[in-house]
1. Checking TRP56 against (1) under 26 Å from PRO202 (Cβ atoms); (2) modelled with pLDDT of 80 or more, which test does it fail?
2. Within the range 1-42, how many residues turn out to be touching a residue at least 24 places away in the same chain (Cβ under 8 Å), of a type in the set (S, T, N, Q) and under 30 Å from ARG430 (Cβ atoms)?
3. When both residues are 6+ apart or on different chains and their Cβ atoms are under 8 Å apart, which pairs have a first residue that lies in the range 482-504 and is within 16 Å of GLY342 (Cβ to Cβ), and a second that is part of a helix (DSSP H, G or I) and of a type in the set (Gly, Ala, Ser)?
4. Just to verify a result, which residue in the range 12-35, among those that are at negative phi and not in a helix (DSSP H, G or I), is most open to solvent (accessible area, probe 1.4 Å)?
5. Taking the range 85-127 as the region of interest, how many residues are in a helix (DSSP H, G or I), aromatic (Phe, Trp, Tyr) and over 19 Å from VAL1 (Cα atoms)?
6. Please list, ordered by residue number, the helices (runs of 4 or more DSSP H) wholly in the range 335-434 having 3 or more residues that are open to solvent by 50 Å² or more (accessible area, probe 1.4 Å) and touching a helix residue (DSSP H, G or I) at 6+ places or on another chain (Cβ under 8 Å).
7. When ARG35 is evaluated against the numbered criteria (1) modelled with pLDDT of 85 or more; (2) basic (Lys, Arg); (3) under 16 Å from HIS111 (Cβ atoms), which criterion, by number, is the only one it fails?
8. Kindly provide the set of residues from the range 258-274 that are modelled with pLDDT of 75 or more and either more than 35 Å from the chain's Cα centre (by Cα) or open to solvent by less than 60 Å² (accessible area, probe 1.4 Å) (or both), ordered by number.
Amino acid sequence: VSLTAFVLAFIVFWKIAPAISSVGEGGVALEDLTRQGLIGLPSFVIFFTILSGLLWELSYSTQFSSTDIINALPLSASEYVLGSSLSVAYSYSVIPATGLGATLALGIYFHRIDLWMMTAVFTFVGTFLGAFVIEIVRAVMSRTSSAFYRRGGRLAIAIRLVGAVLILLVFQLAFNYRVMYILLQSVMTGITVAWFIPVAWPSLAIMESYQANYVSAFALAISSIAFMGIMFWVSVKLRERYWVPIPASIRISTAPYSPGIGLLGRLGFSSAESAIFKKDFRSLTRRREMARLLAIPAIILVSMLASFTSSGGELEFMAFSLVSFSLAVAIFSLVISMISIGQEASAIWNIYSSPIAPKELVRAKLTLGLLISLGVLLVIFLVVGFLFRPSFEVLILFFFLGLSLATAETSVGLMIGSKFPDFSEIPRSRFVTFSGGFIGTVVGLIVGGIVSAPAFIYAFLGQIFPPSEYSLGAVTVLTILLGVAFSLIAHKLSVLKISELLKELPT
């Protein structure tokens, strides 16, 4: 696949380069794009490898994440790290292959094959640098999980969950060139900022070579290779230190069993609905592969906050917040609900054998998904209000847009998840089929776009026509109505799909 991607990218860019160059200033723009591509590809590959590796690492199911089987093999820590890093590089090789194919065509066209050769070398270095960082994360997360599994109680579960999310967030931001650049730029100015960012050294080496600063290019090249070696050494040492996981401790309660109605029962939920709600909540907070889902809004929120440097005023902030922060709520609501059926895995047999009606199952799944989404919305709402302090009107519009998106996307996600569930128990859980994930993403974007349309129109037209309290009220009401309408439609379809699912046992 990677070889095919390399050849196709080369052919496509080789064919379009003359056509673009023949149109006006197209040649100058394309040459500048070539320079940026050759310089930026290694750093992009580092960021992509680390981010993808983190997401995949957190997607491992618990029963597949143990490395105890490795203890029976004659492997050293360095051999294990090298083998695992080769697997990571192999898995994500299609991205650097595509980039190298495109830049090779452009490099030949503009007679910069020498620069492309440097790009190819440092792209290789960047791929393995990212893979070694993933090995460091694996060792740290394995140790953290093992240490907390020795402790019992809800506090340990909460700390373990927050720790997993923070590890994902910190490592993604630490190797995000733009975030690091912004942080350092606050105390320094100029291009010298990038000299302090190790993940930018490969690209800086190519840039210095492009500017004929060969001494600086050589120094940065050696530093890049040395940094990759340091990451390899750290990953090996961590693997040696945390090779054997700490055994978990088990606590048995001696208190007598005394069933009660509980809070959910007082709110009108049946015993079956309460049981499914509690089971899914425990699954969401205790299963390792769920941490990556809970990290989605945090990653989007922090990345957006780090990149927002505009001082264009209230209306510009309104447009920015509607696009970015509402997107975090919508994506999280869609994903967390779309996986709710498939995450049952083999335990789906318990639902088939229990006397639960399709409406009860839908109600339990939707309630949990909506409550979690509203919690995320509330956190984002408070962060936006505290950091940016927008006007009351902007906060009202933002809150009700987020509420409408959470309601609609949660229902749409359950509808897709009940139609395309994936109950297979594999190392990297999917919970929803590939086609279902694609269809769900498209449908979710369409629904989110329609629900958000009144708010977007209000925000952007507000830069031309002064907004009023009447237009704000009308937009808010219309947004709520659209969210409720899509939620009701998706709810009915979800009940229908769940009914069909419970009639036939999954294969």
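The values are calculated or read from the model by the stated rules, or taken from the named source; none is laboratory data. Everything numeric in this text was worked out from a predicted model, so none of it was measured. Glycine also receives a Cβ, built like all others from the backbone with ideal geometry; neighbour counts cover every protein chain displayed. Ligands, DNA and RNA are excluded from the accessible area calculation, which covers all protein heavy atoms including side chains. Shrake-Rupley method; radii C 1.70, N 1.55, O 1.52, S 1.80 Å.
1. So TRP56 meets the others, but not (2).
2. Going through the range 1-42 one residue at a time, the tally reaches 1.
3. Taking only residues 6 or more apart or on different chains, the pairs are SER494/SER411; SER494/SER418; LYS497/SER418; ILE498/SER418; LEU501/SER418.
4. Just the residues of the range 12-35 that are at negative phi, to begin with: 12-23, 25-35.
Applying the additional criterion that residues be not in a helix (DSSP H, G or I) yields 22-23, 25.
Details: SER22: 91, VAL23: 98, GLU25: 136 Å².
Among them, the one singled out is GLU25.
5. 3
6. Details: elements: 348-352, 358-388, 392-419.
Answer list for the range 335-434: 358-388, 392-419.
7. (1)
8. Within the range 258-274, the first condition is being modelled with pLDDT of 75 or more, and the residues that meet it are 269-274.
If the condition is that a residue be modelled with pLDDT of 75 or more and either more than 35 Å from the chain's Cα centre (by Cα) or open to solvent by less than 60 Å² (accessible area, probe 1.4 Å) (or both), then PHE269, SER270, ALA272, GLU273, SER274 are the ones that fit.
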